[in-house]
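Note sheet for the following structure.
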């Protein structure tokens, strides 16, 4: 399955359970770990875990086995590693605190500022 198809599968799974503020980031030029990150917000720990379970279920039905799922015990921020696509499902307070969109949207050629 191509990354774009996998991204569509993730979006559909999250949309099925009314995930909020879904953002897709192309991080191909920023990291070797993955090509795409999908970030979504859940309204509660239960909502976050339900969306994660739906993404994992739909991925498995499509013949893909997630490489890992981290954070499901807490349900505040859960990461699903699908290889070419990494999914972050977070409660609103965690998402505001970590600001992943800002972190992963930095221009690839922006240098790190260091004080001399």
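Quick note: the coordinates plus some simple rules give every number you see, no bench work behind them. Since the structure is predicted, the reported quantities are computational estimates derived from the model, not experimental observations. For neighbour counting, all protein chains shown are included, and Cβ atoms are generated from backbone atoms with ideal geometry for every residue, glycine included.
Roughly what % of DSSP beta bridges within segment 3-103 run antiparallel, to the nearest 5?
Values: 13 of 20 bridges.
The antiparallel fraction comes to roughly 65 percent.
Starting with the fewest neighbours, write out 11, 88 ranked by other beta-carbon atoms found within 10 Å of each beta-carbon.
Going from least to most buried by this count: 11, 88.
Assuming R0 = 22 Å, can you tell me the calculated FRET efficiency for the pair residue 60 and residue 92, based on Cβ-Cβ distance, to the nearest 0.05?
For residue 60 and residue 92, the calculated efficiency is 0.20.
Does the chain come out rounded, prolate or oblate, given a ≥ b ≥ c as the square roots of the eigenvalues of its C-alpha gyration tensor, rounded meaning a/c under 1.5 and, failing that, prolate meaning a/b above b/c? Please list the in-between numbers first.
Working: a/c = 2.12, a/b = 1.36, b/c = 1.55.
It is oblate, given that a/c is not under 1.5 and a/b is not larger than b/c.
How high is the relative contact order of the chain, in percent, with contacts defined as C-alpha pairs under 8 Å that are six or more residues apart?
Details: 186 pairs, mean separation 30.5, N = 116.
Reported as a whole number, the value is 26 percent.
Using just the helices of the chain, give the 222 nm mean residue ellipticity in deg cm²/dmol: DSSP H runs with n ≥ 4 each add -39,500 (n - 2.57), and the total is spread over all residues, rounded to 500. Present the calculation step by step, with values, prior to reporting the outcome.
Numbers: 4 runs with 43 residues, N = 116.
Estimated from H runs of four or more residues: -11000 deg cm²/dmol.
Between helix 45-61 and the chain, what is the angle of the helix's C-alpha long axis to the longest principal axis, kept within 0 to 90° and rounded to the nearest 10?
80 degrees
What list do you get for 104, 77 if you sort them by fewest beta carbons within 10 Å?
Arranged by neighbour count, lowest to highest, 104, 77 become 104, 77.
Fewest first, what order do 51, 67 take by the number of other Cβ atoms within 10 Å? Don't skip to the end; give the middle numbers.
On the way: 51 27, 67 10.
If I rank by nearby Cβ atoms, fewest first, I get 67, 51.
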